[in-house]
Structures are given as C-alpha cells and as structure tokens.
Amino acid sequence: MAIDKHAPIGIIDSGVGGISVWAEIVRQLPFESVVYWADSAHCPYGGRTQEEIIRLVRPGVETLIRAGVKLIVIACNTATTAAIATLRAEWPQLPFVGLEPAVKPAARATRSGIVGVLGTAYTVHSEMFRRTAEKYASGVQIIATAGNGLVELVESGREETPEAERLLRQYIEPMLTAGADQLVLACTHFPLLRATIRRVIGPRSVAVIDPAPAIARHTADLLREHNLLTDRTTPGERRFMSSGTPADTERLRQQAQRYENTTWQQNDR
Ligand code: DGL
C-alpha cells in the first residue's frame, strides 16, 4: 500500500531529548503533522546493552506505525547507534532518519584540530562512533566524554541548576583546556542544557554543534525524494505519546512548548 503524503512524521526518543529535534522539524516543516513518542518508562538508554535498547525501541516504532506515520526520525543517538540497522531490516518500506554524532562538520570547522564530543556512555563507547571518527576526523584529535547523569537532570527539569553546571563543567572543562574549539552535542538531551553549557564555556570561542537543524533538513530531503512532503498549507497537528504516565506525556508537551519558544544565538544553531 502506498504511503500517504499527509500522514504524520514520527519522532522517537528515550525521553524529552528528542524535543530538540522535534522543534527544528516543526520549524522547518510547519505544515507536516508530527507524532512524538518517548520511552519515558525506561529512560535513560545510555547505560543499557544493545539488546535491551532494541527490545525497548521496537514497541515505540510499532506505536508510531499504528499512528500511521510515513517516516520515523530516531531522535536519539543512543537508539540510532544500537538499533537503526535492525529497525531498517525489520521495516524495509519505512524511511528512517537516524542521529549520529556530528563529527564531520566539527572536523571541517575546527581550527585548533581538537574536537570535544559529549554523548551517552553507549554512544561514545560504540564501534559506530569509532568508525565515524576514523572516517570523518582523521588528523583531528577527538576528546569524547560520556555525560553520565545529564539525561536524568534534563528529564527532571533540572537543566539550569548548580548541579547541572557542576557536572557540565566536569565534562567540558578538560576538553576546553586541551584546546577544543568545537563541542559536538552527541545526545539529543544535551541541547536542552544549552544555556548552562554556554555559561560553562563563558567567553571562550567554542562552537556548540547541535545536529537538529541538519537532521530536519535531511528529513525534508528524504520526504521530497519519496514524494511524501505534504502539500497542505495549514499548520500540522502535533501529538505526544509516551510509555510512561500521563504526567510524563504532559511534560513532553510543556518541554516542547518551552523549547520552541526559546530563541538561540545565531552561532548556536
Ligand atoms: N537522547 C538520547 C541520545 O541522544 C538518549 C539518552 C538516554 O536515554 O540515555 O542519546
């Protein structure tokens, strides 16, 4: 059966992090309907095994398929790394967009030759990350750090607390001291910490790389390629679902509203 171009885009993450990607998608594709699913009951994914992550993401994909989506964005570096190959093999008709650490643009842009990458333990210790770094950043020094504890802070709304600042300082300061001039946010939860990250960086000239705008552009390109862009000219619908409690789903909605209404410095995009 042909996929309906007016069907919604599905977005999936372990929790609220994928809202950083959701916000760019609704900004760039305002006429598309979007359904967001978060595995709030099992967040975080970052310390889990590949088998566990695949087992957890699959019901999310099934829920989005039941919601009638035409494409799924895995708005989670961890789930992309662990599960996207399996998902593509299981649903060959459905286009998937995944997130990989934005090492390539960082390696191109660095002047110091040193790039910091902050991701989950799963992502930064993965074979996929090692291969990406080898392929796109040869001759560049990559300092990759697992931002343990950060996802939990974002999930509990503690993005701008002294605790968040202390942890971020602990992870980012050594990268900056070593000379990194690019900081790749390799977990979709981390752009939600942007204000605190900026405070930690202070006046130092460091580019913070959030892949969300590029992912939204790639999603648009893929829809166009498959002839799946809606031709409606009225705002799309927005739905939020989660494996957690109604309060978790409400938090997604609130975080989405808050994040969408935040304006960032141009050079932060
Ligand atoms: N937001 C996710 C990522 O991009 C997952 C974080 C987690 O659940 O540990 O990696």
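Annotations for the structure displayed:
- Other residues within the sphere of radius under 13 Å centred on the Cβ of V57, judged by their own Cβ, net out at -2 (K and R +1, D and E -1).
- The charge dipole of the stretch 188-263, taken about its Cα centre with unit charges on the Cβ atoms of Lys, Arg (+1), Asp and Glu (-1) only, comes to about 380 debye.
- Least to most buried among W91, W22 (fewest other Cβ within 10 Å first): W91, W22
- Relative contact order of the stretch 36-106, defined on C-alpha pairs under 8 angstrom at six or more residues apart (%): 31
- Near-label residues of the stretch 10-38 by backbone N, under 11 Å of a point 7 Å along Cα→Cβ of R198: none
- Stokes-Einstein D (µm²/s) once Rh is taken as the Kirkwood radius of the stretch 1-118 over alpha-carbon pairs, at 4 °C in 1.567 mPa s: 85
- Gyration tensor over the Cα atoms of the chain: the corresponding equivalent ellipsoid has semi-axes (square roots of 5 times the eigenvalues, largest first) of 29, 20, 19 Å.
- Scanning residues 5 or more positions from V184 or on other chains, those with amide H under 5 Å from its amide H are G116, V117, L118, I209, with H placed 1.01 Å from N in the peptide plane.
- Cβ-derived FRET efficiency at R0 25 Å, T86 paired with E152, nearest 0.05: 0.40
- The slack between E250 and H6, meaning 0.36 nm per residue of separation minus the straight C-alpha distance, is 85.3 nm.
- P(r) of the stretch 160-269 over all Cα-Cα pairs, binned every 10 Å from zero, in whole percent: 11, 32, 33, 18, 6, 0
- A Cβ-based charge dipole, computed about the Cα centre of the chain with Lys and Arg at +1 and Asp and Glu at -1, lands at about 480 debye.
- Straight-line cross-link reach from K135 at under 24 Å between alpha-carbon atoms covers these lysines, not counting any fewer than eight positions away in the same chain: K104.
- Amide H partners (placed H, <5 Å) of S33, local residues excluded: I9, E237
- When the charge dipole of the chain is built from unit charges on Cβ atoms (+1 for Lys and Arg, -1 for Asp and Glu) and taken about the Cα centre, the candidate among I9, A247, Q28 whose Cα reaches farthest toward its positive end is Q28.
The numbers here are math on the coordinates, done by the rules we state, and not lab data. From a predicted model like this one, the values you see are computed outputs, not experimental measurements. Virtual Cβ from ideal backbone geometry, glycine too; neighbours counted across all protein chains shown.
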